[in-house]
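**Student:** Here you go, one structure.
The values are calculated or read from the model by the stated rules, or taken from the named source; none is laboratory data. As the structure is a prediction and not an experimental result, all values here were calculated from the model. Reconstructed Cβ throughout: ideal geometry from the backbone, glycine too, with neighbour counts over all protein chains shown. Calculation scope for accessible area: heavy atoms of the full protein, side chains included, ligands and nucleic acids excluded. Shrake-Rupley method; radii C 1.70, N 1.55, O 1.52, S 1.80 Å.
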Amino acid sequence: MSDHKRLVHFGIGAFHRGHQAYYLQKLNEQLPDEDRWYYTGINLRAETSELPSMLKRQNGAYYFKRIAPNGDAEYIQINSIDSIEDASSDVSVIRRVFSCPNVKALTITVTEGGYYLNDNDELNSEHPEIQHDIEVIRQQSGQPATLYGYLAIALLARQKLASGSGSLTVATCDNLRNNGNRLDNAFKQFVSQAGNDILLKWTCDNVTFPCSMVDRITPVPPANLVEDVRQATGVSDACPIMGEDFEQWVIQDSFANEFPPLEKVGVTFTQNVHAYEEAKIRILNGAHFLLSYVGALRGYVTYDQNVRDPELNEWLRRYHQNEVIPTIYDRPFDMEDYRSTILSRFGNAYIADSIERIAMDSISKFPQFVLPTVRLNLERGYMPEAATKLIAHWFAFLSLLVEKRFRFNYRDPYLYVAEKWMVQEDPVTAFTKDPDIWQGLNKRFPLYSETLAKEIRLTLESYQERYP
Ligand code: CS2
């Protein structure tokens with residue numbers, strides 16, 4: 001491995017390759033060789049091992065097709081990832097990689113579901129995978145199953161480095177509000193439950209968990225992209241990616257060790273990440289969430305079809321303008337401008353972002369992306385009608401899917417939660433009173449649960465003929 005300074009990433013999916021690795025590429029293009037930074041990408045889950053093994057054969061290099069809303073595309077060669085590892089069946093990889101003092105920071109994308117948080121933001125330590133990892137760290141042997149176990153092993157390796165050189169910035173880049181503080185808190189709970197007070201103290205003294213907001217719509221790479229890239233560049237790349245030409249990365253200025261000077265390529269370092277993430281999660285991710293299920297039920301395949309459907313477009317306008325924007329209280333930039341940029345990005349048909357990608361993992365996304373908007377409206381005495389209508393479609397989607405009346409390639413490790421509602425005598429009430437989904441809201445606003453239940457019944461009826 002080179003002597004360059006290094007970042008490590010957990011979870012090397014398309015998003016990471018189109019975002020953090022892209023920014024590092026842009027930075028390296030401006031720096032002399034000796035000042036460049038490189039990424040070591042680490043895969044953590046056996047079910048995602050295929051991509052890392054393909055990327056490894058290319059020494060981490062790949063093409064990124066970056067597409068504007070008018071279809072103009074550039075093909076960018078990315079080689080800021082120069083080392084790929086798979087820790088999913090061999091945790092010693094983690095010890096080896098993190099024992100190198102050139103590593104200064106870890107970035108993470110393991111999806112919203114990868115954090116195992118319960119409704120109070122505490123670590124869900126009842127979960128069998130978390131229990132398993134607590135034992136792994138207690139015994140200091142075995143293969144972890146979650147981010148927490150891997151991170152603990154990484155930090156145990158850092159702890160052994162000479163004083164000061166082990167300090168590490170751990171930057172989560174997933175769409176959770178307050179993401180860094182949540183991870184910080186949950187990880188420390190994990191370590192204390194594993195009974196390792198020395199690691200706990202060391203982490204408090206040597207690790208920071210900055211919050212961040214990340215943005216780039218990165219579809220699942222379509223099968224014909226390999227051929228497209230070959231024709232455009234003459235290179236055979238087994239795993240190219242594509243994405244929109246919009247990008248944004250806002251990260252809290254809180255680093256435990258050196259960090260690449262990414263402000264040179266447009267990254268914002270600030271103390272007020274919260275305002276950015278709140279606007280992004282509620283305006284962009286909330287809209288993605290709410291239109292994907294109704295769009296799927298209408299037979300659409302790509303997200304731009306949703307925003308081209310006048311009825312859905314109007315529901316989304318009401319959601320944004322009547323329910324989201326009025327309940328965003330800290331506004332460091334113009335919300336209406338921000339919304340219209342997002343709407344034009346949603347309409348980009350050339351990236352053909354699939355509803356299938358956006359629809360997955362809904363059970364862990366709902367409390368992040370949509371619930372706060374419902375809550376803030378109820379708290380100001382306003383009935384969020386658009387949200388309610390669209391949540392009813394989400395429930396109808398899950399119900400028709402579980403009953404096998406509607407076919408859709410839906411992936412969600414928490415699907416069993418929906419399956420449990422559907423076998424109850426009254427599935428609608430089981431949903432509207434589920435404490436993990438509503439996080440106490442149904443108790444505070446029982447009338448709202450009733451309104452929603454009525455809306456769901458009407459919605460289910462409206463699909464009776466289409467999905468008998
Ligand atoms: C999407 C995001 O997964 C989702 O639900 O909303 O992947 C979205 O495309 C990105 O956050 C855009 O930055």
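**Student:** Inspect the stretch 409-416 for any residue being outside any loop (DSSP other than H, G, I, E, B), free of Cβ contacts under 8 Å to residues at least 24 places away in the same chain and within 20 Å of Tyr463 (Cα to Cα) and give the result as yes or no.
**Tutor:** Taking every residue of the stretch 409-416 in turn, none turns out to be outside any loop (DSSP other than H, G, I, E, B), free of Cβ contacts under 8 Å to residues at least 24 places away in the same chain and within 20 Å of Tyr463 (Cα to Cα).
**Student:** Is there a residue being in a helix (DSSP H, G or I), open to solvent by 50 Å² or more (accessible area, probe 1.4 Å) and within 16 Å of the ligand (Cβ to nearest atom) anywhere in the stretch 356-375?
**Tutor:** yes
**Student:** Still on this structure, please answer the following. Among the residues that make up the stretch 277-293, is at least one of them assigned by TED's automatic domain parsing to the domain that holds Phe366, in contact (Cβ under 8 Å) with a residue 24 or more places away in the chain and of a type in the set (Val, Ile, Thr)?
**Tutor:** So far as the stretch 277-293 goes, yes, one or more of its residues are assigned by TED's automatic domain parsing to the domain that holds Phe366, in contact (Cβ under 8 Å) with a residue 24 or more places away in the chain and of a type in the set (Val, Ile, Thr).
**Student:** Among (1) away from the ligand (no atom under 16 Å from the Cβ); (2) in a helix (DSSP H, G or I), there is one condition Phe269 misses while meeting the rest; what is its number?
**Tutor:** So the condition that Phe269 fails would be (2).
**Student:** Next up: Could you list, in sequence order, all residues of the stretch 323-355 that are of a type in the set (Asp, Glu), loosely packed, with under 15 Cβ neighbours inside 10 Å and either assigned by TED's automatic domain parsing to the domain that holds Glu74 or under 26 Å from Asp121 (Cβ atoms) (or both)?
**Tutor:** Result: Asp330, single match.
**Student:** I want to confirm something. Restricting to the stretch 429-460 and keeping residues that are farther than 16 Å from Leu398 by Cβ and among the charged types (D, E, K, R), which single residue is most open to solvent (accessible area, probe 1.4 Å)?
**Tutor:** For the stretch 429-460, the residue satisfying everything is Lys443.
**Student:** Determine, yes or no, whether Val235 is over 20 Å from the mean Cα position of the chain (by Cα), buried (at least 22 other Cβ atoms within 10 Å of the Cβ) and β-branched (Val, Ile, Thr).
**Tutor:** In short, no.
**Student:** Is it the case that some residue within the stretch 192-199 is over 26 Å from Val267 (Cβ atoms), touching a Ser or Thr at 6+ places or on another chain (Cβ under 7 Å) and away from the ligand (no atom under 16 Å from the Cβ)?
**Tutor:** Yes, the conditions are met somewhere in the stretch 192-199.
**Student:** Look at the stretch 181-218 and say how many of its residues are part of a loop (DSSP other than H, G, I, E, B), buried (at least 18 other Cβ atoms within 10 Å of the Cβ) and out of contact with any Gly (no Cβ under 7 Å at 6 or more places or on another chain).
**Tutor:** Matching residues across the stretch 181-218 total 2.
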